[in-house]
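The values are calculated or read from the model by the stated rules, or taken from the named source; none is laboratory data. Remember, predicted model here, so these are calculated numbers, not experimental data. Here the Cβ is made from the backbone with ideal geometry for all residues, glycine too, and neighbour counts use every protein chain on show.
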Amino acid sequence: MELFLAPLKERKPFIALIKDIPASFTKETLASQNIQSILALPIFAKGLLWGFVGFDDCTSERIWSDTERDLLELFAISISEAIERKQAEDELKAVYREIMDDLEIAQTIQKSILPPWFHLYGDIMISSNYYPWSKIGGDLFDCIMLPDNRYVVYIADISGHGIQAALTMTAVKAIFSMVIRAAENDPSPQTVVTRLNHVLSTRLFQDNYMTMCYCLVDLNAMTVTSLSAGHPPLMIYHMGTRATRLLDKKGDIPVGWIADYEYKEANTETTSFTAEEAICLVTDGVFECFDKDQQAVGIEGLCDVLREDIHLNDCIMLPHECYQALDARGYTNRNDDYSFISLQLVPSEKSKVMYLEVLSQLEHVDKAAAACEAFVLQSGRSELVAFNTRLVASEFMSNIVVHGLEKRSTETLSLKLSCEGEVALTIRDNSPPWDFPPREPDMPDFFDILNLASNTHGRGVQIMHSLTKSVTRTRVHLVNETRFVMKDS
């Protein structure tokens, strides 16, 4: 077909009466189709010959007019443009998929840098809800345990959004940890933030800056000292009265504005707190969310939400309940990262309430279940109730780890066991949402349904129902909460 293709490759038409074509494969091919006259024009896409479009006449030896030739040329150009658009769209989709894959990896890395959603640090427990506006964001927070029963807790917001803010956040997190360790002898807010500001201003920040709230928690004195560097203030939330205290009387400039700036103790605030209170830190994305009328909830509105819509007895679900309560009030329009952390004292060993952080690995599940049995016995309950509590804890968490979290070994489960009155076991996890099947006879095991590799039905759910008075499961934003009330015998 070289005789046919040669002019097309030169961006020229192939026009011929078949009888005039020299004997060749081209002539034989066209004649076999009873073609007597042909007009073909090339189709190019991105400089390469993609194909051709043509007219042929099988009834007469047609002489093609200029009008017919012009129409066919316009048609060929339209096809070329359509092909190039499709190729460009495919390339754009491929680039988009690659970017999204990279962002998924970046999101996983960023998540690993931040603390888990629930964590026990010595005598305090901390819960967090980090929900970036896009795949990744520029908020960061952490809790660092120091000697002498003191803790550094901070939350910060890098200026900007997206990849640049996320990359800056990663570097700031590492620098912050080094500054804290170097300042163990004097971890006061003014000292640490001054050093951090100097390092970041001279080595990292160019067009960036960072707002932050830095807190030093002293459990011996039961006080917290905070410095707000252009950041929303520290909040103290009382679980019983649901009242919120704001440490908003003083403040200072954001980190990165002036390289040699010295933060002053006079701009810090100190307050006492009790075991019934949670220390809360937020970024402005928590209260700068808008309703349909573009009205922001604001910091005072956030305090109203905490007072009127939240009913909890510990801090674990507070960041998640707050997000859901804001949604329920119609504040669903967000254009910034949502970061909310809350921390509270862990009850003393003499308390009849136990909290555990359980890493999503089966060996850790076994240890936690054994600890539940020991705690129930220690609380004066029967061996049968203690064993049944262990069985329910082990069965449920094992299935969450294997099926819900699909053996993601770095995830965290929160376990609360209360022996005040009824024995109640509450387990929180961040696996995908699902409903706990109701109590009914001959019920297939829900967890085996989740396990696509399984062709059998177990009895795990029925066993848990048989050992408990009630099972309730709810989802609050990104966290599932399952509560088992054990039978007395």
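Here are the numbers for the structure shown:
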{"item": "Boolean, residue 16 is assigned to a strand (DSSP E or B) and in contact with a helix residue (DSSP H, G or I) (Cβ under 8 Å, 6 or more places away or on another chain)", "result": "no"}
{"item": "Unique residue being at pLDDT 85 or above, surrounded by 10 or more Cβ atoms within 10 Å (Cβ to Cβ) and either touching a Phe, Trp or Tyr at 6+ places or on another chain (Cβ under 9 Å) or part of a strand (DSSP E or B) (or both) when the list is 43, 63", "result": "43"}
{"item": "Which numbered condition residue 328 fails, given (1) at pLDDT below 95; (2) more than 23 Å from residue 141 (Cβ to Cβ)", "result": "(1)"}
{"item": "Count of segment 265-292 residues which are surrounded by fewer than 19 Cβ atoms within 10 Å (Cβ to Cβ), closer than 16 Å to residue 238 by Cα and among the aliphatic types (A, V, I, L, M)", "result": "1"}
{"item": "Among (1) hydrophobic (A, V, I, L, M, F, W, C); (2) buried (at least 17 other Cβ atoms within 10 Å of the Cβ); (3) modelled with pLDDT of 90 or more, the one test that residue 222 misses", "result": "(2)"}
{"item": "Which listed residue is touching a Leu at 6+ places or on another chain (Cβ under 9 Å), part of a loop (DSSP other than H, G, I, E, B), surrounded by fewer than 17 Cβ atoms within 10 Å (Cβ to Cβ) and at pLDDT below 95, from 489, 454", "result": "489"}
{"item": "Pick from segment 339-373, criterion in a loop (DSSP other than H, G, I, E, B) and of a type in the set (S, T, N, Q), ranking: farthest from the chain's Cα centre (by Cα)", "result": "351"}
{"item": "Options 37, 80: the member that is of a type in the set (S, T, N, Q) and either assigned by TED's automatic domain parsing to the domain that holds residue 137 or touching a helix residue (DSSP H, G or I) at 6+ places or on another chain (Cβ under 8 Å) (or both)", "result": "37"}
{"item": "Criterion: part of a strand (DSSP E or B) and within 22 Å of residue 270 (Cα to Cα) - qualifying residue of 155, 180", "result": "155"}
{"item": "In segment 354-370, residue farthest from residue 129 (Cα to Cα) [restricted to those that are of a type in the set (A, V, I, L, M, F, W, C) and surrounded by fewer than 18 Cβ atoms within 10 Å (Cβ to Cβ)]", "result": "370"}
{"item": "Test: residue 193 is under 23 Å from residue 250 (Cα atoms), not aromatic (Phe, Trp, Tyr) and not in a helix (DSSP H, G or I)", "result": "no"}
{"item": "Enumeration of residues in segment 206-250 that are among the small types (Gly, Ala, Ser) and in contact with an Asp or Glu (Cβ under 9 Å, 6 or more places away or on another chain)", "result": "226, 228, 229, 230, 240"}
{"item": "Failed condition for residue 466, given (1) surrounded by fewer than 19 Cβ atoms within 10 Å (Cβ to Cβ); (2) at pLDDT below 85; (3) out of contact with any Pro (no Cβ under 7 Å at 6 or more places or on another chain); (4) not acidic (Asp, Glu)", "result": "(2)"}
{"item": "Failed condition for residue 199, given (1) assigned to a helix (DSSP H, G or I); (2) surrounded by 21 or more Cβ atoms within 10 Å (Cβ to Cβ)", "result": "(2)"}
{"item": "Residue satisfying condition, being out of contact with any Phe, Trp or Tyr (no Cβ under 7 Å at 6 or more places or on another chain) and among the small types (Gly, Ala, Ser), within set 259, 296, 278", "result": "259"}
{"item": "Residue check, residue 8 at pLDDT below 85, in contact with a helix residue (DSSP H, G or I) (Cβ under 6 Å, 6 or more places away or on another chain) and on the phi < 0 side of the Ramachandran plot", "result": "no"}
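Each row is one residue, and each column tells you yes or no for (1) aliphatic (A, V, I, L, M); (2) crowded, with 23+ Cβ neighbours inside 10 Å; (3) modelled with pLDDT of 95 or more; (4) assigned by TED's automatic domain parsing to the domain that holds residue 360.
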{"residue": "407", "(1), (2), (3), (4)": "no, no, no, yes"}
{"residue": "417", "(1), (2), (3), (4)": "yes, yes, yes, yes"}
{"residue": "426", "(1), (2), (3), (4)": "no, no, yes, yes"}
{"residue": "433", "(1), (2), (3), (4)": "no, no, no, yes"}
